[in-house]
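The values are calculated or read from the model by the stated rules, or taken from the named source; none is laboratory data. All figures in this text were calculated on a predicted structure; none of them were measured in a lab. Neighbour counts run over all protein chains shown; Cβ positions are idealised from the backbone, glycine included. Just so you know, the surface numbers come from the protein's heavy atoms only, side chains and all, with ligands and any DNA or RNA stripped out. Shrake-Rupley method; radii C 1.70, N 1.55, O 1.52, S 1.80 Å.
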Amino acid sequence: MDTNLIQKVSESFAKSFSSEPVLIFSPGRINIIGEHTDYNAGFVFPAAIDKGIVAAIQKAEGSVSTATAIDMDETIQFDTDNLDTSNLSGWASYVVGVVAETQKLGKTVGNFDIVFGGNIPDGAGMSSSAALENSVVFGINELFGLGLTKYEMILISQAAEHNYVGVKCGIMDQYASMFGIENSALLLDCRTAKAEPFAIDFKDYQLLLFNTNVKHKLSDSAYNDRRAVCEKTAELLGIDALRDATEVDLEKVKDQLSAEDFQKVVYVVQENNRAQAAAVAMKEGDLVELGQLIYGSHNGLQHQYKVSCEELDFLVDLAKENSDILGARMMGGGFGGCTINLIKKTAVEEFKKTAVTTYTEKFGHACSPYEVALSDGTHKI
Ligand code: GLA
């Protein structure tokens, strides 16, 4: 955990308020494999990381709540007794959205003051949004003794994103951020919400991320469009979710889908299989196989699901030229953000240099390497 960030948030809180706040760390996440499978009730393989949101929160005295995002240098005020959700935008949608969704469950949320900051760059595909949502719901649960389970909390976070941010996301990000386990990744079955923890020790290899530092427009609507295609296809097949379909099943509805949409649903079925195959490869310690599955995932995201972009493809292609990298792919929703690479430890420093230099030459701005540690989920500090 980043002690500088904790100090920064605490100091900022102390400037405006005199009491001792509850301090919360809520992590972002990575995902080894299983992309766009969560809202198809399939498998994902995320892990919480040591980067995320630190929030300082206390009960407010009067009838005004104050929320401050120190990274943006912005403050908003609202009254939880009279919540106005009509003009929300940016980070305020997450904070107020979480309060609104908590109230929908009949819970009484008093006014509170929250100051938060983070160390995940916006749009990096490491889920700073889930980290923020979880920090707020965890904080108000703590302050007002709402008695919410962790699972209820992540459903609130997800609903806030659906209803106030407008992204019909799955449960992966909120789950990983809340339930993360130090040094472990979670093979999460998104239908049952049961996860199997895998202690991560890649021996001579490690995970390395590169942020493309781009976030292309329209990513939210493209996300929702793809989810709609998946749901429509499940309906045509008379099943609950694509998790229940095989490639043979998909052939039955092929003529009712455009060629592009057919490729998208094939991708989902294949990716769900890859996520489960990755679990087997990890149990057997077969990193070469795991790497191949990771490259396969990117190939599908690029050519079938079509959620990649030039910058991500460039970094994955660069990885493919390097025999010390076993696998690489885009991570998260897509259209920008990070790639995740399974790379030999001894090759890390050299590849960081090569990637930053060649990427900068090509795109006129740098990409940023990140080494992350796998951490526990949302908790009090
Ligand atoms: C975003 C969403 C997740 C998931 C990924 C793609 O991060 O929030 O629910 O769908 O995209 O795997």
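On a full-extension model of 0.36 nm per residue, what is the gain between Glu152 and Asp84, subtracting their alpha-carbon distance, rounded to one decimal in nm? Display every interim value, and only then the final one.
Values: separation 68, 0.36 × 68 = 24.48 nm, distance 2.30 nm.
That pair, Glu152 and Asp84, stretches by 22.2 nm at full extension.
Give the residue list of GluC sites (Glu not before Pro) in region 138-229 that are DSSP loop and have at most 15 other beta-carbon atoms within 10 angstrom.
Numbers: sites: Glu142, Glu152, Glu161, Glu182; in loops: Glu182.
Sites meeting the loop and neighbour criteria: Glu182.
Normalized C-alpha radius of gyration of region 272-348, against 2.2 N^0.38 Å?
1.06
Mind checking the alpha-carbon convex hull of region 51-124 and giving the volume per residue in Å³? Before the final figure, lay out each step's value.
Numbers: hull volume 7.5 nm³, N = 74.
Measuring per residue, one finds 102 Å³ for the Cα hull of region 51-124.
Output the Cα-based Rg and Dmax of region 114-186 in Å, rounding Rg to one decimal and Dmax to a whole number.
Here Rg and the maximum Cα pair distance are 12.3, 33 Å.
Given a 1.4 angstrom probe, I'd like the percentage of the accessible area of the chain that is carbon and sulfur, rounded to a whole number. Could the numbers behind the result be given before it?
On the way: 7390 of 15730 Å².
Reported share for carbon and sulfur atoms: 47 percent.
Can you count the Lys pairs in region 129-268 with C-alpha separation below 19 Å, eight or more apart or on different chains?
Counting lysine pairs in region 129-268 gives 10.
Which GluC sites (Glu not before Pro) from region 304-347 combine a DSSP loop assignment with at most 12 other Cβ atoms within 10 Å? Don't skip to the answer; put the middle values down first.
Working: sites: Glu310, Glu311, Glu321; in loops: Glu321.
Of the GluC sites (Glu not before Pro), the ones in loops of region 304-347 whose Cβ has at most 12 other Cβ atoms within 10 Å are Glu321.
With a 1.4 Å probe and every protein chain left in place, work out the accessible area per residue of the chain in Å², rounded to a whole number.
Numbers: 15730 Å² over 381 residues.
Normalised by residue count, the accessible surface of the chain is 41 Å².
What Kirkwood Rh does the chain have if only Cα atoms enter the pairwise 1/r average? Answer in Å. Mind dumping the intermediate values first?
Working: mean 1/r = 0.0470 Å⁻¹.
Computed over the chain, the radius equals 21.3 Å.
Any idea what log10 I(q)/I(0) is at q = 0.15, 0.20 Å⁻¹ for region 194-314, Debye with uniform C-alpha scatterers and no solvent?
-0.84, -1.20
Tabulate in residue order the Karplus-calculated ³J(HN,Hα) for region 83-93, using 6.51 cos²θ - 1.76 cosθ + 1.60 with θ = phi - 60°, rounded to whole Hz; enter x for Gly and Pro.
Listing the rounded values in order: 6, 9, 9, 6, 10, 7, 8, x, 5, 4, 4 Hz.
Region 192-288: which GluC sites (Glu not before Pro) are DSSP loop and have at most 14 other beta-carbon atoms within 10 angstrom? Let's see the in-between values first.
Values: sites: Glu231, Glu235, Glu247, Glu251, Glu260, Glu271, Glu284; in loops: Glu284.
Of the GluC sites (Glu not before Pro), the ones in loops of region 192-288 whose Cβ has at most 14 other Cβ atoms within 10 Å are Glu284.
Going by amide H atoms built from the backbone, whose H comes under 5 Å of the H on Lys51, apart from near neighbours?
Placed amide hydrogens put Gly28 under 5 Å from Lys51.
Using θ = phi - 60° and the Karplus relation 6.51 cos²θ - 1.76 cosθ + 1.60, list the HN-Hα couplings for region 168-185 in order, rounded to whole Hz, with x at every Gly or Pro.
7, 5, x, 9, 3, 5, 5, 4, 4, 5, 7, 9, x, 10, 3, 6, 10, 10
Quick one: net charge of Val54's neighbours, Cβ under 10 Å, K/R +1, D/E -1?
Value of the local net charge: 0.
Where the centre of each part is set by its Cα atoms, how far does region 261-287 sit from region 53-94, in angstrom?
So the two Cα centres are separated by 40 Å.
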